[in-house]
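Note sheet for the following structure.
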Amino acid sequence: MHPYLRCDETLDLFATLQGVPRSDRKPRAAELLARVELTAATKKKVRELSLGMRRRLALAVAMIGRPRLLVLDEPTAGMDPVIRESVTALFREHVKAGGTLLVTSHLLGDISGIAARATLLAQGSVVRQGDLDAMLRRDGVRAYRVEGGAEMDATVRRAVEAAGGRVVDAGPARGTIEDLFLETYRSAAQGSAAADTTDTSDA
């Protein structure tokens with residue numbers, strides 16, 4: 001990416017090189033800049049961007065032409081949870097549209113959200129590969145989500161044991177810190193949007 005080109009100019013250049021029709025270039029660029037949280041930096045030159053912002057712009061460049069095969073190395077490294085969620089959704093849409101995504105990453109949680117097949121390496125050698133859902137499945141173990149308080153434990157346990165099973169563990173459901181961050185972020189964003197609407201109405 002040329003350091004003296006703006007973000008929108010960079011995407012327009014690569015869209016042209018990849019044969020994107022003129023009428024589609026600007027809307028496609030705007031869509032990708034929004035998805036990688038760079039809309040506010042649209043008119044900034046590449047040299048003015050932080051390293052993380054350049055990585056996100058590079059991702060937009062890679063996707064501008066809707067390639068059939070997309071090869072990425074650690075695509076979500078260094079991204080905060082909000083941007084990572086948006087980018088992961090973008091990857092899913094690429095695959096749903098018929099594209100193929102080949103990703104190498106140490107962030108296994110991100111991979112599990114988008115990969116259909118996986119290859120695991122240890123010390124440079126393939127140790128396991130195949131359908132990811134099949135590899136993650138634990139034979140002989142069933143998982144259930146039950147809504148209710150602690151008073152439900154005994155009832156559920158009796159029902160499971162009556163069916164010949166065994167409750168291995170029971171306790172309050174626990175989310176991840178990333179889930180907590182995203183829920184808090186969305187709640188704050190909705191509150192801010194509601195406040196803006198109120199201010200506009202009062203005016």
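Laid out as a table, the results:
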read-out	value
All positions within the range 118-132 that are among the charged types (D, E, K, R) and touching a residue at least 12 places away in the same chain (Cβ under 8 Å)	ASP131
Among the residues listed as ALA29, ALA40, ALA58, the single one being more than 24 Å from ARG186 (Cα to Cα), surrounded by fewer than 18 Cβ atoms within 10 Å (Cβ to Cβ) and either in contact with a strand residue (DSSP E or B) (Cβ under 8 Å, 6 or more places away or on another chain) or modelled with pLDDT of 90 or more (or both)	ALA58
Spans of strands (runs of 3 or more DSSP E) in the range 91-166 with at least 3 residues β-branched (Val, Ile, Thr)	100-104
Some residue of the range 64-86 being hydroxyl-bearing (Ser, Thr, Tyr) and out of contact with any helix residue (DSSP H, G or I) (no Cβ under 6 Å at 6 or more places or on another chain)	no
Candidate set: the range 64-81, residues that are touching a Lys or Arg at 6+ places or on another chain (Cβ under 9 Å) and among the hydrophobic types (A, V, I, L, M, F, W, C); chosen: the one surrounded by the most Cβ atoms within 10 Å (Cβ to Cβ)	ILE64
All positions within the range 43-55 that are of a type in the set (A, V, I, L, M, F, W, C) and surrounded by 12 or more Cβ atoms within 10 Å (Cβ to Cβ)	VAL46, LEU49, MET53
Residue within the range 110-121 that is hydrophobic (A, V, I, L, M, F, W, C) and within 26 Å of SER50 (Cα to Cα) present	yes
Test: residue in the range 104-117 that is farther than 25 Å from GLU183 by Cβ and touching a residue at least 24 places away in the same chain (Cβ under 8 Å)	yes
Some residue of the range 56-75 being touching a residue at least 40 places away in the same chain (Cβ under 8 Å) and farther than 22 Å from LEU102 by Cβ	no
Residue identified as surrounded by fewer than 12 Cβ atoms within 10 Å (Cβ to Cβ) and either among the hydroxyl-bearing types (Ser, Thr, Tyr) or in contact (Cβ under 8 Å) with a residue 24 or more places away in the chain (or both) among ALA163, ALA150, ALA143, ALA97	ALA97
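Here is a yes/no grid of residues against (1) outside the structural domain of LEU101 (by TED's automatic domain parsing); (2) assigned to a helix (DSSP H, G or I); (3) among the charged types (D, E, K, R):
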{"site": "MET1", "(1), (2), (3)": "yes, no, no"}
{"site": "ARG28", "(1), (2), (3)": "yes, yes, yes"}
{"site": "ALA40", "(1), (2), (3)": "yes, yes, no"}
{"site": "ARG56", "(1), (2), (3)": "yes, yes, yes"}
{"site": "ALA60", "(1), (2), (3)": "yes, yes, no"}
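The values are calculated or read from the model by the stated rules, or taken from the named source; none is laboratory data. Values in this document were obtained by computation on a predicted structure and should not be read as measured data. Heads up, the Cβs are rebuilt from the backbone with ideal geometry, glycines too, and the neighbour counts pull from every protein chain shown.
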